[in-house]
């Protein structure tokens, strides 16, 4: 009997994987390095070693319905990972097929934020919802859009790149894409650090952040300073929330979701970022959308969420 | 045998209606005033008079599968028209139910741009497509979004208000909504006229538009001047295309459509607006979306398109 699925979440630095039952319990999980594998083959070989050990513990391959994989620039239609800037493997990688050939069980692959959205729908804050948008606020900004209970993939499988939508025309340069004024260039960990650096270098305002070498300021530094009441740091979150809120208003007027689920590092700033986000979202919505859309923080355990999300692809 | 459907397109000024067969032929069609009916009951009574006459010509009510209606702020879930700023009937009108009670046949109602999208999918430029976005560029900017062959309605039926998405933060005031910097405040007939007025009043540049009283300049005047080579008028379309193109890039990164179908008055400006639109869309797209998305002009006969779109709801 196929009682379990495997979830694999591939990140630029590390890869998380685990075995999940139908109720969303992560029975076993572990982690390995992504970036040390310059060859995708050796990566898959190591993944196989770890996973077959785990799979034995739950009764062997016969108990496994399949492997769900979330990866940057993962494409559900083709099973490929395409030109992922943060992965060591370049070009178009037929990743799902390679894993399927190795493991001899079904494989589904999609992008990491889409996988996270499916995880939220099955086990998290979006349980029971048919229309919602998942936004991951990490090093970058990812998104997964669910409408009428289905992920929106678009004609080519690449829908839901909301982090790259333009919110400030001719605004801040995004070094990864070469584009200007995208949501990701402001509302990511990278963006928060840059906003702090800009305020510090363009003014003489006092700030505890001035004790840190300016180029090595991180979003965590800004968060810690803001918690202690630093005015510059607090303004950075206020500004980030403004940009995020304006963008969320646009997303709401696109697909009219019941809720927007936020996930990732920046959500730890809590009301410091959520309050301006809500305020500027509402301020930019036309009347029929006002006071309807919930902004929720994912309550899945961060270490499990990625694995759960990827594994959920196989229950779909 | 139910061989025909009725399509009704309600606009602020007039209402178009007609009888359509399965191949999308509009057999009979006509028009009546919307705005002279301050009471929705008298409007429906007049509509019934016109339509029952037409319906008799095709063999009576037994031949009619139902009535599809497109209306501003029409809601497919509830069958209501809600707070439509340009209609004479205020508040929430249970329009579908009222029409159904009068005609005793099934009725489906949605917003006018959604109806137009269904029409394009069944009979027009989007035939055979499963993922596309319809943008109507008229007095205002409407939109209908189709993903995986289904209209996106959102949790409350109001999805697809792309004309109200913010493209220039703190930009031009939209008098109808009180919001600033929306696509509609620039890329509509109203927006084009205002752009012309702004350039004329903020500079001394020569323009044939200066022969017209500035407050009565229309988008048609700007179009005619541009065709004759007027530099100011040409710049207005260039600017409008830039704003529209940036917005389209955002929409593409949301739902990754195969094509964007443009419909309505502004499309008559042809390459004067399409060229900058394409250029600025591509310039704002990240690599995986570049040179993939078609921008197409609806080729449905304008007088038929609205009726066809509304009627198509009943074949869905």
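The values are calculated or read from the model by the stated rules, or taken from the named source; none is laboratory data. Note that the structure is predicted; figures quoted are calculated from it, not measured. Virtual Cβ from ideal backbone geometry, glycine too; neighbours counted across all protein chains shown.
Pairs linking a residue in the stretch B:226-244 that is within 11 Å of residue B:271 (Cα to Cα) and in the same structural domain as residue B:278 (by TED's automatic domain parsing) to a residue that is outside any helix (DSSP H, G or I) and modelled with pLDDT of 95 or more, with Cβ atoms under 9 Å and 6 or more positions apart or on different chains, are B:241/B:187. When each of B:288, B:307 is tested for being modelled with pLDDT under 95, within 12 Å of chain A (Cβ to nearest Cβ) and not in a loop (DSSP other than H, G, I, E, B), the lone residue that passes is B:288.
Tell me which residues, restricted to the stretch B:90-100, are touching a residue at least 40 places away in the same chain (Cβ under 8 Å) and either within 19 Å of residue B:139 (Cα to Cα) or in contact with a strand residue (DSSP E or B) (Cβ under 7 Å, 6 or more places away or on another chain) (or both). Those that are touching a residue at least 40 places away in the same chain (Cβ under 8 Å) and either within 19 Å of residue B:139 (Cα to Cα) or in contact with a strand residue (DSSP E or B) (Cβ under 7 Å, 6 or more places away or on another chain) (or both): B:93, B:95, B:99.
Look at (1) part of a loop (DSSP other than H, G, I, E, B); (2) over 17 Å from residue A:125 (Cα atoms); (3) free of Cβ contacts under 8 Å to residues at least 60 places away in the same chain and you find that residue A:210 fails only one, number (1). The residues on offer are A:67, A:19, and the sole one that is in a strand (DSSP E or B) and either modelled with pLDDT under 95 or within 14 Å of residue A:304 (Cα to Cα) (or both) is A:19.
Applying the condition of being under 21 Å from residue A:63 (Cβ atoms) and without any contact (Cβ under 8 Å) to a residue 24 or more places away in the chain to the stretch A:19-49 and asking which residue is nearest to the chain's Cα centre (by Cα) yields A:25. The residues of the stretch A:239-283 that are within 14 Å of chain B (Cβ to nearest Cβ), within 19 Å of the chain's Cα centre (by Cα) and not in a helix (DSSP H, G or I), listed by number, are A:257, A:259, A:260, A:261. Every condition in (1) over 27 Å from residue B:118 (Cβ atoms); (2) in contact (Cβ under 8 Å) with a residue 40 or more places away in the chain; (3) more than 9 Å from every other protein chain (Cβ to nearest Cβ) is met by residue B:187 except one, and the failing one is (1). Can you find, within the stretch A:291-304, the residue that is nearest to residue B:174 (Cα to Cα) among those that are away from chain B (no Cβ under 14 Å) and part of a loop (DSSP other than H, G, I, E, B)? Of everything passing the filter in the stretch A:291-304, A:298 is nearest to residue B:174 (Cα to Cα).
Taking the numbered list (1) over 26 Å from residue B:246 (Cα atoms); (2) assigned to a helix (DSSP H, G or I) in turn, residue B:85 passes all entries but (2).
Looking across the stretch A:55-72, not a single residue is surrounded by 15 or more Cβ atoms within 10 Å (Cβ to Cβ) and without any contact (Cβ under 8 Å) to a residue 40 or more places away in the chain. In this structure, is residue B:148 within 14 Å of chain A (Cβ to nearest Cβ), in contact with a helix residue (DSSP H, G or I) (Cβ under 6 Å, 6 or more places away or on another chain) and within 28 Å of residue B:306 (Cα to Cα)? No, not satisfied.
Against the test of being closer than 21 Å to residue B:81 by Cα, in the same structural domain as residue B:246 (by TED's automatic domain parsing) and within 21 Å of the chain's Cα centre (by Cα), the options B:191, B:181, B:149, B:138 yield a single qualifying residue, B:138.
Quick one: is residue B:103 more than 12 Å from every other protein chain (Cβ to nearest Cβ) and touching a strand residue (DSSP E or B) at 6+ places or on another chain (Cβ under 6 Å)? No; evaluated as a whole, the condition is false for this residue. Taken as a whole, the structure leaves residue B:163 outside the set of residues that are at pLDDT below 95, in contact with a strand residue (DSSP E or B) (Cβ under 9 Å, 6 or more places away or on another chain) and more than 7 Å from chain A (Cβ to nearest Cβ). Among the residues that make up the stretch B:53-67, is at least one of them under 29 Å from residue B:164 (Cβ atoms) and in contact with a strand residue (DSSP E or B) (Cβ under 7 Å, 6 or more places away or on another chain)? Yes.
Going by what's in this entry, would residue A:171 be described as under 29 Å from residue B:260 (Cα atoms), within 11 Å of chain B (Cβ to nearest Cβ) and surrounded by fewer than 22 Cβ atoms within 10 Å (Cβ to Cβ)? Taking the combined requirement at face value, the residue satisfies it.
One line per residue, one yes/no per condition, for (1) surrounded by fewer than 18 Cβ atoms within 10 Å (Cβ to Cβ); (2) touching a helix residue (DSSP H, G or I) at 6+ places or on another chain (Cβ under 7 Å); (3) not assigned by TED's automatic domain parsing to the domain that holds residue A:40:
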position: A:85; (1), (2), (3): yes, no, no
position: A:93; (1), (2), (3): no, yes, no
position: A:96; (1), (2), (3): no, no, no
position: A:100; (1), (2), (3): no, no, no
position: A:103; (1), (2), (3): no, yes, no
position: A:109; (1), (2), (3): no, yes, no
